[in-house]
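Let me begin by handing over the structure; questions about it come next.
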Amino acid sequence: MNDSHDLRLIIESRIPVIIIETWEERRALALLTKLGIQQGLPVFSWSVSDGLRRADFDQAANQPLTAEPQAALKHIRSSGTAGLYALCDFHPYLNDEPRNIRLIKEIAMQAEDSGQSLIFISHAFSIPSEFKRHSARFNLSMPEDHKLRAAIYKEAQSFSSSTGRKVKTDRDALDKLISNLRGLPLDDARKLARGAIFQDGAITHSDLSSVNKAKFELLDMDGVLSFEYDTENFANVGGLSKFKDWLSKRELAFQQGGADSPKGIMLVGVQGGGKSLAAKAVAGLWGMPLLRMDMGALYNKFFGESERNVREALKLAETMAPCVLWIDEIEKGIGSDDHDGGTSKRILATLLTWMAERQHAVFVVATANDIQSLPPELIRKGRLDEVFFVDLPSDAVRQQIFAIHLEKRAYPLANFRCAELSAASPGFTGAEIEQAIVAARYSAKARNEDLCTAHILAEIDATVPLSVTMSERLDALRAWCQTRAVAAD
């Protein structure tokens, strides 16, 4: 992508207001200065700290009395001087400031005659409706792979110069680091590469996880998306044999991409049945970062902001690609609801459009407790590859789960009768099995005794599982999934 060429086309089209959302303010100003020189136009910059000044002259003085936003806009309007006017971090001065909005609109309306272009440079900018029709957005391109590689080599040379040691790496680790740095501005990519190199003088696969964490923090989504730092190893998921087999057959196809690359799956089942653990395990099995979308955090009291949150979250997921996007309890965000002013329908439309058009390697894992509340257009084949039903664990799987949680807490399995524990807990979910062990540990500690099978059996006997208290809902879910979903185990 040629930023200079594309931005010049927008300016030459006489669009008077241009929005550049970026953290790279210096890069945007340098690009505008270059275009101004090429086209013989003066370039001005404004900030609340410096006021209005020529950006294309190093020694240019500030224009007096233009630090206040309204004063700067009035000066631009009254001067009538053709040129490019870059206004940095102007977005706070549009909220509840109708005079500023009106001044911008007046400058835009006279731009055909004045030859003035207002360029707003901010990390985020919502265009007021008053001058939206006079506006266009421009996005700075992200660095290509060869530029990222050059930046890494430069940091490696810097390390060698300062330490006298060569950076150790291999081609696969270097290629994966470049892949993980995609979607970041060059300065940020260089910082993360520097951190990976200077930590131990090497670029290895062990660096990739920390790079992904740091990358996500740089692209923070304010709680809409969260980075799952500890993806479970698939060995720690009891049962789900058919689901595991399905994933193993498609891992290579997802990594290679293409028209037939897997898109995602839906996991349905009772609460605590292991859906969330399975979602984490997909990322662990495939060795990819896992992002969790909080459907509750998507909603915003301001009209239109919920849909924007969805778009920004999906855009961030694409920036983190290849990755797994876990949409937890998806029915809370897009289930049928006639009392939310149509927000859930707009969120659904945004999500469906993205699922149909996405070009990036983002594998969706949606989990749901109440699938019957979901619209059919979401769960049909083509949107997602498969719907899996996670039923209550069988006797054999319950034995696995007891063993997993006891070993997780460093208890020797030889001291416990897992078959007897499993036989005593029909209808228990994985979460209920874990809580029985946790409660039994407290009981044993209170009696100053070592944990044993009897303590756990006592807690099992005192527990009423969800399969009993919600038996009618579970029966209905099983009936729905019998012909519409694939058993995960």
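The values are calculated or read from the model by the stated rules, or taken from the named source; none is laboratory data. Computed from a prediction, not measured in an experiment: that's the story for all the values here. Please note: Cβ atoms are built from the backbone with ideal geometry, for glycine as well, and neighbour counts cover all protein chains shown. We work out accessible area using only protein heavy atoms, side chains counted, and drop any ligands, DNA or RNA first. Shrake-Rupley method; radii C 1.70, N 1.55, O 1.52, S 1.80 Å.
Restricting the first residue to the range 271-287 and requiring it to be over 21 Å from residue 391 (Cα atoms), which pairs with a second residue that is modelled with pLDDT of 85 or more and crowded, with 22+ Cβ neighbours inside 10 Å meet a Cβ separation below 6 Å and a spacing of at least six or different chains?
283/290; 283/324
Say we look at the range 413-432 and pick out the residues that are open to solvent by 50 Å² or more (accessible area, probe 1.4 Å) and part of a helix (DSSP H, G or I); which of these is farthest from residue 463 (Cα to Cα)? Write out each step before concluding.
Just the residues of the range 413-432 that are open to solvent by 50 Å² or more (accessible area, probe 1.4 Å), to begin with: 413-415, 417, 419-420, 423, 426.
Within this subset, residues satisfying the condition of being part of a helix (DSSP H, G or I) are 413-415, 419-420, 423.
On the way: 413: 23, 414: 25, 415: 23, 419: 18, 420: 16, 423: 14 Å.
So the residue we want is 414.
Right, another one. Within the range 353-393, restricting attention to residues that are open to solvent by less than 40 Å² (accessible area, probe 1.4 Å) and at pLDDT below 85, which residue is farthest from residue 476 (Cα to Cα)? Full working, then the answer.
Just the residues of the range 353-393 that are open to solvent by less than 40 Å² (accessible area, probe 1.4 Å), to begin with: 354-355, 358, 361-369, 371, 373-375, 378-379, 384, 386-390, 392-393.
Checking which are at pLDDT below 85 leaves us with 358, 369, 371, 373-375, 378-379.
Details: 358: 34, 369: 12, 371: 11, 373: 13, 374: 15, 375: 17, 378: 20, 379: 18 Å.
Once the filter is applied, the top-ranked residue is 358.
Report the residue count in the range 100-114 for those that are open to solvent by less than 50 Å² (accessible area, probe 1.4 Å), over 15 Å from residue 18 (Cβ atoms) and among the hydrophobic types (A, V, I, L, M, F, W, C).
2
Output the number of residues of the range 262-279 satisfying the condition of being under 22 Å from the mean Cα position of the chain (by Cα) and either in a strand (DSSP E or B) or at pLDDT 90 or above (or both).
Step one: list which residues in the range 262-279 are under 22 Å from the mean Cα position of the chain (by Cα), which gives 262-267, 275-279.
Within this subset, residues satisfying the condition of being either in a strand (DSSP E or B) or at pLDDT 90 or above (or both) are 262-267.
Matching residues across the range 262-279 total 6.
Those residues that are open to solvent by less than 60 Å² (accessible area, probe 1.4 Å), modelled with pLDDT under 65 and charged (D, E, K, R), I need them from the range 321-347; list them, please. Working first, answer last.
Keep residues of the range 321-347 that are open to solvent by less than 60 Å² (accessible area, probe 1.4 Å), which gives 321-331, 333-335, 340, 342-344, 347.
Imposing the further condition that a residue be modelled with pLDDT under 65 reduces the set to 335, 340.
Across the range 321-347, the qualifying residue is only 340.
For the range 459-478, which residues satisfy the criterion of being open to solvent by 60 Å² or more (accessible area, probe 1.4 Å) and assigned to a helix (DSSP H, G or I)?
Taking the range 459-478 first, the residues open to solvent by 60 Å² or more (accessible area, probe 1.4 Å) are 461-462, 464, 468-469, 472-473, 475, 478.
Correct list: 461, 468, 469, 472, 473, 475, 478.
I would also like to ask the following. Give me the residue from the range 433-457 that is open to solvent by 40 Å² or more (accessible area, probe 1.4 Å) and either of a type in the set (D, E, K, R) or in contact (Cβ under 8 Å) with a residue 40 or more places away in the chain (or both) and, out of that set, nearest to residue 398 (Cα to Cα).
Among them, the one singled out is 434.
Test residue 73 against the stated conditions and say whether it is part of a helix (DSSP H, G or I), surrounded by 14 or more Cβ atoms within 10 Å (Cβ to Cβ) and either acidic (Asp, Glu) or free of Cβ contacts under 8 Å to residues at least 40 places away in the same chain (or both). Let's see the steps before the verdict.
Values: part of a helix (DSSP H, G or I): yes; surrounded by 14 or more Cβ atoms within 10 Å (Cβ to Cβ): yes; either acidic (Asp, Glu) or free of Cβ contacts under 8 Å to residues at least 40 places away in the same chain (or both): yes.
So residue 73 fits the description; yes.
Shifting gears a bit: Which residue, of 439, 396, 410, is over 34 Å from the mean Cα position of the chain (by Cα), assigned to a helix (DSSP H, G or I), farther than 30 Å from residue 476 by Cα and among the small types (Gly, Ala, Ser)?
Working: 396 fails: farther than 30 Å from residue 476 by Cα; 410 fails: assigned to a helix (DSSP H, G or I).
On inspection, the qualifying residue turns out to be 439.
Being closer than 21 Å to residue 102 by Cβ, within 39 Å of the chain's Cα centre (by Cα) and not hydroxyl-bearing (Ser, Thr, Tyr) narrows it down to one residue among 30, 55, 72; which is it?
Numbers: 30 fails: closer than 21 Å to residue 102 by Cβ; 55 fails: closer than 21 Å to residue 102 by Cβ.
Of the residues listed, the single one that is closer than 21 Å to residue 102 by Cβ, within 39 Å of the chain's Cα centre (by Cα) and not hydroxyl-bearing (Ser, Thr, Tyr) is 72.
Residues being farther than 17 Å from residue 114 by Cβ, open to solvent by less than 20 Å² (accessible area, probe 1.4 Å) and assigned to a helix (DSSP H, G or I): count how many of those fall in the range 4-34.
So the count comes out to 4.
I would also like to ask the following. Which numbered condition in (1) assigned to a helix (DSSP H, G or I); (2) among the hydroxyl-bearing types (Ser, Thr, Tyr); (3) at pLDDT 90 or above is the only one that residue 350 fails?
Residue 350 satisfies all of (1) assigned to a helix (DSSP H, G or I); (2) among the hydroxyl-bearing types (Ser, Thr, Tyr); (3) at pLDDT 90 or above except (3).
Please state which of the following conditions residue 313 fails to meet, knowing it meets all the rest: (1) among the hydrophobic types (A, V, I, L, M, F, W, C); (2) closer than 29 Å to residue 142 by Cβ; (3) modelled with pLDDT of 85 or more.
So residue 313 meets the others, but not (3).
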